[in-house]
Amino acid sequence: MFCSISGTVPEEPVVSSKSGHLFEKRLIEKFVRETGKCPITSEPLTLDDLLPVKSNKTVKPRTAPATSIPGLLGIFHDEWDALMLETHTLRQGLNSVRQELSHALYQHDAACRVIARLIKERDEARAALENAKAIVEAEQAAKRGAGGADDEPSGKRSKVAGIPEAVLQELADVNAQLSKTRKKRPIPETLATPEDLQQMQQLVSAPLHKTTQGGILSIDVNPENASVLATAGSDGTAQLFDYAAQRHYASLEGHSKRVTSVQFVSGSVVLTSSADKTTRIWSEQQPGSFSCAAVLKEHSAEVVGVTLHPSRKYFVTGSADATWAFYDLDTATCLKQVSDESVSEAYTAIQFHPDGLILGTGTEKNMIRIWEVKQQKCVASFGEHTKPIKCLAFSENGYHLASAADDCVKLWDLRKLKVLKTLNPYEDAGCSSVAFDYSGQYLAVGGADARVYGQKQDWSVVRSFPDMPKKGVLSLRFAGADAKTLLVGAADHNLRVLGMPA
């Protein structure tokens, strides 16, 4: 008799009272303790169901097939077959375990995505709630401050106010200090040469805005970190991006229409203007999270731009309602809203002079006006353009002004109040943006492509970047003091960073 498990003659045979099979006692007891079943029939089996069988232990009969070589070969063949069957069973089990593990990992990944989406929605809801609270608080403060003037149109409320004498004196002091140091400021030794500009290439292309409403209308650089920038988009948002780390930093959402301009006050305070007739002040509550601190509603039409005074305490907005407004940043109040009888057309561009006492404005009727901020009077006007003004840029040297329109780009000498140079970059396309570098030696022009002109080259093209979207470039800005990085916002949703290869 042979053991039903090992196939050998058992030393301590036992028989199952349920199935009648013979087993080696130690093998069947171990199996029953582990499984509680019969290894042959898989029926429930306990130790009490095993009955000992008496046998003669003095003589152990030899297995008949093992008495000859063919018998041994047969035994080996049967063992090999059993081993292969066991291997096949193990492989089937392994495949089943792998499938179960893959299914579990898929479920885990799906759960992680759902959790991440819920966390994002929670954060967006919190940000929207903070913005709503700030808007309500700002509106309540405006109502309390306006008093009995609540019945007057918001676009007219601040026109009767005036800039305090202390503020005017501060503007004069800042102008005197900056104009004095500007004359002695040398050109940086690290300034890019024309050869350096020839080596510039696209380093980063970041999709910061929605594809359905592409278009980056304005770019500004963080004064505390030149690798962090802000973009104003046609999708109604402003985005903060660190191009050195290629990391999205923050999203400013609250405007109901396109954001026309964005301006850094500091690393934690940002200004935005919008076609929804408002200007917003954004404040960073915690790293990467900005909330709206104030909503300014003095204008009755689209706010086309916001420009910051060099003191970083005041700013000016220009609007399509033919007025510009002077604000105190600390109190978020309009000190003066300026309208002029000679100006009946909408403003399209606005820019502070680097010294802070001169303001430049462009209109849809091709006029450029230079304003004296202390007296809020127009002291000069230029009408040489034949198309609406799209962008203005003052040079850091203090006496050059660049203006862009669909007809051409013009360089003005403010000392002589006349055109210094007329640039015609494109035959069939207009110019949408201009920007000087920090030294005033280079002028970037955006239109069908992006181009850089050099002062020492008699304002001829030093480098052009033709690989731009078909709809062209809408905004551009130099980053840093060495003119080795150019930020380009095109009509699509991508920000492009052009710079020196590593």
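The values are calculated or read from the model by the stated rules, or taken from the named source; none is laboratory data. Predicted model only: the values in this text are computed from it and were never measured. Positions of Cβ are backbone-derived with ideal geometry, glycine not excepted, and every protein chain shown enters the neighbour counts. These area figures cover heavy atoms from the full protein model, side chains too; ligands, DNA and RNA do not enter into them. Shrake-Rupley method; radii C 1.70, N 1.55, O 1.52, S 1.80 Å.
One table, with the values for the structure above:
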item	result
Largest-first ordering by accessible area, 1.4 Å probe, given options E427, E302	E427, E302
Over the stretch 373-480, equivalent-ellipsoid semi-axes from the Cα gyration tensor in Å	23, 16, 13
Exposure rank, largest accessible area first [K18, K421, K456; 1.4 Å]	K456, K18, K421
Dipole magnitude of the stretch 1-46 about its Cα centre (Cβ charges: Lys, Arg +1; Asp, Glu -1), debye to nearest 20	120
Within-15-Å neighbourhood charge of I28 [Cβ basis; K, R +1; D, E -1]	-2
In order through the stretch 32-46: 3J(HN,Hα) via Karplus (6.51 cos²θ - 1.76 cosθ + 1.60), integer Hz, x for Gly, Pro	5, 4, 7, 10, x, 10, 6, x, 9, 9, 6, 7, x, 8, 10
Computed accessible area, T212, all protein chains, 1.4 angstrom probe, square angstrom	120
Alpha carbon Rg of the chain, scaled by the compact-globule rule 2.2 N^0.38 Å	1.71
Cross-link pairs K183/K336; K30/K54; K257/K313; K377/K416; K313/K387 - those with Cα-Cα distance over 24 Å	K183/K336; K257/K313; K313/K387
Student exercise, the stretch 363-502 dipole from Lys, Arg, Asp, Glu Cβ charges, in Debye to nearest 20	360
Proximal charge balance of L47 [Cβ under 13 Å; K/R count +1, D/E count -1]	+2
Highest-first arrangement of 460-472, 72-84, 404-416, where packing means the average Cβ count within 10 Å	404-416, 460-472, 72-84
Calculated [θ] (222 nm, deg cm²/dmol) that DSSP helices of n ≥ 4 give over the chain, each run adding -39,500 (n - 2.57)	-8000 deg cm²/dmol
Protection proxy ranking of 248-261, 305-318 - average other beta-carbon atoms within 10 Å, highest first	305-318, 248-261
Simple Cβ-charge dipole of the chain, Lys/Arg +1 and Asp/Glu -1, about Cα centre, in debye nearest 20	400
Probe 1.4 Å - accessible area at Y426, Å² to nearest ten	30
Net charge over other residues, Cβ less than 9 angstrom from the Cβ of G267 (K, R count +1; D, E count -1)	-2
Cα-derived Rg over Rh, computed across the stretch 64-128 with Rh taken as Kirkwood radius	1.66
Rounded to the nearest 10 Å², the accessible area of E11 at probe 1.4 Å	110
Heavy-atom SASA rank of H103, H400 (probe 1.4 Å, accessible area, largest first)	H103, H400
Top positive-direction residue, dipole computed over the stretch 386-502 with Cβ charges, set P501, H400, A481	H400
